[in-house]
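In what follows, a single structure is set out as structure tokens and then discussed.
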Amino acid sequence: MKPRSFRLSAFALLFGLHPFLMVNAEEATSLSEIFTKSDTSFTFRYRFEHVDDENAEKNANASTLKSRITWTSASYHGFSGLLEVDDVSHIGGENYATPSNGKVGEYPIVADPDGTDINQVYLKYQQDGFTGTAGRQRILHSGQRFIGGVGWRQNEQTYDSVRVQLPIGPVTLDYSYIWDVNRIFGPDTGGAQPRRYDSDSHALYLSFSPIEGHKLAAFAYLLDFDNAAANSSQTYGIEYSGAVGPVTLAASAASQTDYADGPIDYDADYYMAEIGTKIKGVGLGIGYELLGSDDGMKAFSTPLATLHKFQGWADQFLVTPADGIEDIYFKMTGSIGKTNLAFFYHDYSADEGSADYGEEYNAVASYPINKYVGVELKYAKYDADEFSQDTDKIWFSVNVKF
């Protein structure tokens with residue numbers, strides 16, 4: 001683990017440059033203006049997370065702060081650069097477990113370890129609809145079901161990658177070659193979870209809109225991880241999203257098999273369908289998602305997804321059970337004044353066999369105090385039946401951006 005003084009000095013250096021950097025980014029007309037016309041932004045997120053997990057001796061109470069500085073250069077003949085540094089620190093006692101702090105079993109895991117790290121650093125070129133990006137970067141495909149940033153955690157998941165995005169007639173191509181996945185477990189090594197996946201992976205996403213308000217896409221993900229071969233796989237699929245009058249529709253289907261040095265020979269399918277509408281300002285939706293199993297040997301997995309968005313916020317299914325999972329869910333969204341509200345209900349069962357995993361209730365309320373500060377209160381309750389254990393989680397967050 002890097003010493004605390006090192007982490008603070010790194011941030012002090014960047015903050016010391018603030019008077020020079022704090023200019024809105026725009027087009028540069030000379031090399032010097034790449035810096036003088038650059039832009040710097042700061043974000044802070046304080047979070048208190050409480051976890052009551054029946055398998056742990058004590059409840060977790062994690063008080064953490066993420067501090068981020070993002071510097072973006074001005075564009076010069078289509079070229080621009082970005083540097084983003086994150087620091088995550090605990091405030092008060094470390095009364096929770098991370099994969100590397102030696103407290104697993106005593107406390108439930110809260111996957112927000114301390115550390116300072118370069119979250120993004122890349123060179124970008126944009127011209128006539130073409131965008132090419134090389135370096136450490138954020139990659140978010142569609143709803144982040146297969147490729148995402150896990151932005152919910154204090155440490156974000158980013159990718160060391162070369163990415164190309166360009167229109168080819170009516171189709172938009174988005175291709176990335178990924179040689180490293182920088183995961184959410186911070187910059188320090190240790191524990192059961194590797195900080196990085198050593199990768200030789202390809203991610204391809206093709207999309208087009210046949211008519212306004214409707215989108216079709218096809219995707220292919222060939223994931224090869226040298227230090228996590230069990231997560232290597234190849235996935236091919238299609239998806240649709242659109243609206244017919246007041247009704248919104250979404251659907252997806254994919255097939256997955258083993259790939260590269262994956263230790264298990266398997267074949268599993270994925271299906272998702274969702275329908276929603278809005279009645280007097282209240283959004284209502286019902287959905288079905290299936291991550292299938294191959295005879296209980298191995299199930300469909302999405303190791304690079306923003307997993308917290310799917311199968312409930314209690315995070316009981318971050319690794320798909322070998323028997324797969326069937327998730328039937330309902331959601332309701334709305335607002336009271338400036339407060340945004342959302343409620344979710346999930347019913348979980350196995351794809352292979354007849355196991356009833358359990359059910360889950362989620363609720364969140366967010367309030368923007370002003371254009372710089374917002375607060376959020378979030379709750380998840382998982383009632384276990386034949387999988388995992390009863391778990392309750394509460395989060396309170398304060399977000400600051402300027």
> Any residue in region 172-180 that is under 24 Å from Gln127 (Cβ atoms), at pLDDT 95 or above and either β-branched (Val, Ile, Thr) or assigned to a loop (DSSP other than H, G, I, E, B) (or both)?
Replying inline: yes
>> Going through Gly242, Gly283 one at a time, which residue ends up being part of a strand (DSSP E or B), farther than 27 Å from Ile168 by Cβ and either touching a Leu at 6+ places or on another chain (Cβ under 8 Å) or modelled with pLDDT of 95 or more (or both)?
In response: Gly283
>> So, in region 167-181, how many residues would count as being touching a residue at least 24 places away in the same chain (Cβ under 8 Å), within 22 Å of Ser233 (Cα to Cα) and either out of contact with any strand residue (DSSP E or B) (no Cβ under 9 Å at 6 or more places or on another chain) or among the hydrophobic types (A, V, I, L, M, F, W, C) (or both)?
In response: 3
> Which residue pairs have Cβ atoms under 8 Å apart, sit 6 or more places apart or on different chains, and have a first residue in region 374-396 that is over 13 Å from Gly312 (Cα atoms) and touching a residue at least 24 places away in the same chain (Cβ under 8 Å) and a second that is among the polar types (S, T, N, Q) and in a strand (DSSP E or B)?
Replying inline: Gly374/Ser366; Gly374/Asn399; Val375/Ser366; Val375/Ser397; Val375/Asn399
>> Here are the criteria: (1) crowded, with 17+ Cβ neighbours inside 10 Å; (2) under 21 Å from the mean Cα position of the chain (by Cα). Tell me which single one Ala363 does not satisfy.
In response: (1)
> Out of region 300-352, which residues are over 16 Å from Phe146 (Cα atoms) and among the charged types (D, E, K, R)?
Replying inline: Asp315, Asp323, Glu326, Asp327, Lys331, Lys338, Asp347, Asp351, Glu352
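For every residue, the table says whether it meets (1) in contact (Cβ under 8 Å) with a residue 40 or more places away in the chain; (2) closer than 30 Å to Ala97 by Cα.
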{"residue": "Asn155", "(1), (2)": "yes, yes"}
{"residue": "Gln165", "(1), (2)": "no, no"}
{"residue": "Arg183", "(1), (2)": "no, yes"}
{"residue": "Gly186", "(1), (2)": "yes, yes"}
{"residue": "Ala192", "(1), (2)": "yes, yes"}
{"residue": "Asp198", "(1), (2)": "no, yes"}
{"residue": "Leu204", "(1), (2)": "no, no"}
{"residue": "Tyr221", "(1), (2)": "yes, no"}
> So which of Ala220, Ala203 ends up being at pLDDT 95 or above and either touching a Leu at 6+ places or on another chain (Cβ under 7 Å) or of a type in the set (Val, Ile, Thr) (or both)?
Replying inline: Ala220
> What are the residues in region 121-142 that are at pLDDT 95 or above, surrounded by 14 or more Cβ atoms within 10 Å (Cβ to Cβ) and either assigned to a loop (DSSP other than H, G, I, E, B) or small (Gly, Ala, Ser) (or both), if any?
Replying inline: Gly132, Ala134, Gly135, Arg138, Ile139, His141
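The values are calculated or read from the model by the stated rules, or taken from the named source; none is laboratory data. Quantities reported herein were computed from a predicted structural model and do not represent experimental measurements. Please note: Cβ atoms are built from the backbone with ideal geometry, for glycine as well, and neighbour counts cover all protein chains shown.
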